[in-house]
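The values are calculated or read from the model by the stated rules, or taken from the named source; none is laboratory data. Bear in mind that the values here come from a model prediction, so they are computed numbers and not experimental data. Note: ideal-geometry Cβ built from the backbone for every residue, glycine included; neighbour counts use all protein chains shown.
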Amino acid sequence: PLVYEWSGISDLETQLQKLLGIKKVIIVDGNLDLEPSVKTLMGVEAVTQLEQYAKPQDIVAVTGGSTVAAVSNAVQKSNRLKDLTFIAARGGMGVEVQMQANTIASNFATNSGNDYRTLYLPEHLSEAAYNAMKEEPMVQEMLGLYEKTSIVIHGIGSADEMSGRRKSSEAERQALQKSGAVGEAFGYYFDEKGKAVQRIRTVGLQLEQVKNCPTILAIAGGTKKAKAILSYFKNAAKQTIFITDMAAAQQMFKII
Ligand code: F6P
């Protein structure tokens, strides 16, 4: 039965990898909506992938959220994780500290014995503030690092959940709904067809920069995120490695 179960998971991984049109899918058994330990196991799988692809001098950009936080908690010192710099994929501080990209980048670095750079800016910037910020030397340094980023580790969320977490106004939520936003990743909202329909204006990695990275690890699970995950992968970078759980994987096949 054990052998059967494992071949079952690997079949599902191959089917999902084909459905999403990406490089690789790794499925952890269980449902993270119900069992928090599933997130920890997904974190461990993500670290194994990171160890496989990271090279000395790589810049690794990480997003916020509880799932990427679980990856940072699973990281340990290793010969495979040498001379890396971890940076926050976005400077925003809209959510609680433990979930912020800056905190998670420093956690990755501390746990693996590497460097990190942080950038603390408000989550939403007006156009004028954004243009002024861009000229600051600290921000310029970060923008330079985004250009050189070769690994991205990011979460995926549902548009509803994320606009709630960001305490978006009623008007903003309505605008999001009207634009058909379903999924969210690194500050961009995506509709059912995978089109980026809105983005949060703050200093951060641009969608094009993500797409140009040779290694992208996306981590998200739980039944509730299935629709959001499908929307994001409609148009995501083909080189993405996706780590998820059984509940999300099965729900995706139910939806399509
Ligand atoms: O806010 C950062 C972020 O990575 C979002 O882009 C994503 O939608 C969300 O966190 C995922 O959060 P969680 O892993 O806690 O569900």
Would you be able to tell me the number of residues in the stretch 59-80 that are farther than 13 Å from ASN107 by Cα and either surrounded by fewer than 22 Cβ atoms within 10 Å (Cβ to Cβ) or among the basic types (Lys, Arg) (or both)? 4
So which pairs qualify, if the first residue must be in the stretch 61-79 and more than 21 Å from LEU143 (Cβ to Cβ), the second must be more than 8 Å from the ligand (Cβ to nearest atom) and acidic (Asp, Glu), the Cβ gap must be under 7 Å, and the two must be at least 6 apart or on different chains? SER78/GLU51
Hey, among THR118, THR63, THR85, which residue is more than 12 Å from ILE153 (Cβ to Cβ) and either modelled with pLDDT of 95 or more or touching an Asp or Glu at 6+ places or on another chain (Cβ under 6 Å) (or both)? THR85
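For residues that are in a helix (DSSP H, G or I) and more than 8 Å from the ligand (Cβ to nearest atom), scanning just the stretch 85-103, find the one that is farthest from the chain's Cα centre (by Cα). Don't jump to the end; show me each part of the working.
Our first condition is that a residue be in a helix (DSSP H, G or I); within the stretch 85-103, this holds for 97-99, 101-103.
Right, trim to more than 8 Å from the ligand (Cβ to nearest atom) and you get 97-98, 102-103.
Numbers: VAL97: 17, GLN98: 15, ASN102: 13, THR103: 15 Å.
Per the stated criteria, the residue is VAL97.
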Examine the stretch 118-130 for a residue that is under 19 Å from the mean Cα position of the chain (by Cα) and of a type in the set (Ser, Thr, Tyr), and state whether such a residue exists. yes
Criterion: over 23 Å from GLY164 (Cβ atoms), more than 14 Å from the ligand (Cβ to nearest atom), over 16 Å from the mean Cα position of the chain (by Cα) and in a helix (DSSP H, G or I) - qualifying residue of GLU147, GLU135: GLU147
Within the stretch 216-233, restricting to residues that are among the hydroxyl-bearing types (Ser, Thr, Tyr) and surrounded by 24 or more Cβ atoms within 10 Å (Cβ to Cβ), the one that is nearest to the ligand (Cβ to nearest atom) is TYR232
Determine the pairs where a residue that is farther than 29 Å from LYS55 by Cβ, located within the stretch 84-107, has a partner that is at pLDDT 90 or above and outside any loop (DSSP other than H, G, I, E, B) with Cβ atoms under 6 Å apart, the partner being 6 or more residues away or on another chain. VAL97/THR103
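Could you grab me the full set of residues in the stretch 106-118 that are touching a helix residue (DSSP H, G or I) at 6+ places or on another chain (Cβ under 8 Å) and either under 15 Å from GLY64 (Cβ atoms) or of a type in the set (Phe, Trp, Tyr) (or both)? Show your work before the answer.
Step one: list which residues in the stretch 106-118 are touching a helix residue (DSSP H, G or I) at 6+ places or on another chain (Cβ under 8 Å), which gives 107-108, 111, 114-118.
ASN107, PHE108, TYR116, THR118, listed by residue number.
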